[in-house]
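Student: Encoded as C-alpha cells, here's the structure I'll be asking about.
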Amino acid sequence: MVHTTPTKVLLATTLQPLVGQLSGSLAHGAKLIDQFLHQEPTPQHMATFERELHRLLREVGRRIMAWALPHMEPACAEEMPSRLWWKEQAYRRRRKHRTTIATLFGPVVVWRRLYEPLAPSRVPLGCG
C-alpha cells in the first residue's frame, strides 16, 4: 500500500522549486505524446518521437541533477567542519567554487565548498 501524504508533503515543500522548473518540460512531453498519437504510425514518425523524447528526458535528468547535487551539502558553511582528517592528511574548508560535474544526462555546473590540504609548517634549521 502506497501512502500519498508523504509524497504530497515532499512535493509541496522541499521539491516545490524543482517541480516548478520541470513543469514546462512536462507540458512539452505531453505535447510530444499528443502529436505522436495523432500521426500516421510510420517508422519515421516513431524515430522522430523517440529522438525528441530522449532529448527531453536527458534535459529533465540534467535539471534534476543540477538541483539535487547542491542539496547534498549544508547550505550554511558553519554546518560543515572547518578542518578534517582523511587518509592521515589534514584539510581545511575553503569558500565555494564553481565546478562542472559530468553526469549521464550531460554536464552540470554546481557551486561547492572544497577542502584543501593543510601544508605542514616547516622551520629552516640554522636560522637565528
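Student: I'm checking my understanding of the structure. Among residues of region 111-128 that are farther than 14 Å from PRO74 by Cα and in a strand (DSSP E or B), which one is modelled with the lowest pLDDT?
Tutor: Restricting attention to region 111-128, the residues satisfying the condition of being farther than 14 Å from PRO74 by Cα are 115-128.
Now narrow it down to the ones that are in a strand (DSSP E or B): 115-117.
Working: TYR115: 80, GLU116: 84, PRO117: 85.
It comes out as TYR115.
Student: Kindly provide the set of residues from region 81-106 that are closer than 29 Å to GLN16 by Cβ and either surrounded by 13 or more Cβ atoms within 10 Å (Cβ to Cβ) or touching a residue at least 40 places away in the same chain (Cβ under 8 Å) (or both), ordered by number. Spell out the reasoning first.
Tutor: Keep residues of region 81-106 that are closer than 29 Å to GLN16 by Cβ, which gives 95-106.
Result: LYS96, THR103, LEU104, PHE105, GLY106.
Student: So is PRO6 out of contact with any Cys (no Cβ under 9 Å at 6 or more places or on another chain), at pLDDT below 85, surrounded by 11 or more Cβ atoms within 10 Å (Cβ to Cβ) and of a type outside the set (Ser, Thr, Tyr) or not? Give the steps one after another, and end with the answer.
Tutor: Numbers: out of contact with any Cys (no Cβ under 9 Å at 6 or more places or on another chain): yes; at pLDDT below 85: yes; surrounded by 11 or more Cβ atoms within 10 Å (Cβ to Cβ): no; of a type outside the set (Ser, Thr, Tyr): yes.
It is false that PRO6 is out of contact with any Cys (no Cβ under 9 Å at 6 or more places or on another chain), at pLDDT below 85, surrounded by 11 or more Cβ atoms within 10 Å (Cβ to Cβ) and of a type outside the set (Ser, Thr, Tyr).
Student: Right, another one. For region 40-80, name all the residues that are touching a residue at least 40 places away in the same chain (Cβ under 8 Å) and in contact with a strand residue (DSSP E or B) (Cβ under 7 Å, 6 or more places away or on another chain).
Tutor: Passing the criteria: ARG58, ARG62, MET65, ALA66, LEU69, PRO70, GLU73.
Student: In region 81-89, is there at least one residue being more than 25 Å from the chain's Cα centre (by Cα), modelled with pLDDT of 90 or more, outside any helix (DSSP H, G or I) and more than 24 Å from THR14 (Cβ to Cβ)?
Tutor: Looking through region 81-89, none of the residues is more than 25 Å from the chain's Cα centre (by Cα), modelled with pLDDT of 90 or more, outside any helix (DSSP H, G or I) and more than 24 Å from THR14 (Cβ to Cβ).
Student: Exactly one condition in (1) part of a strand (DSSP E or B); (2) exposed (fewer than 11 other Cβ atoms within 10 Å of the Cβ) is not met by GLU40; state its number.
Tutor: It is condition (1) that GLU40 fails.
Student: Now, a different point. What is the residue count in region 43-59 for residues that are surrounded by fewer than 13 Cβ atoms within 10 Å (Cβ to Cβ) and closer than 30 Å to ALA102 by Cβ?
Tutor: Step one: list which residues in region 43-59 are surrounded by fewer than 13 Cβ atoms within 10 Å (Cβ to Cβ), which gives 43-44, 46-47, 50-51, 54-55.
Those still in the list that are closer than 30 Å to ALA102 by Cβ too: 47, 50-51, 54-55.
Count: 5.
Student: Here's another thing I want to ask about it. Got a number for residues in region 15-37 being surrounded by fewer than 11 Cβ atoms within 10 Å (Cβ to Cβ) and either of a type in the set (Asp, Glu) or part of a loop (DSSP other than H, G, I, E, B) (or both)?
Tutor: 1
The values are calculated or read from the model by the stated rules, or taken from the named source; none is laboratory data. Since we're looking at a predicted model, the values are computed, not measured. Counting neighbours? That spans all protein chains shown, and the Cβs are built from the backbone with ideal geometry, glycine included.
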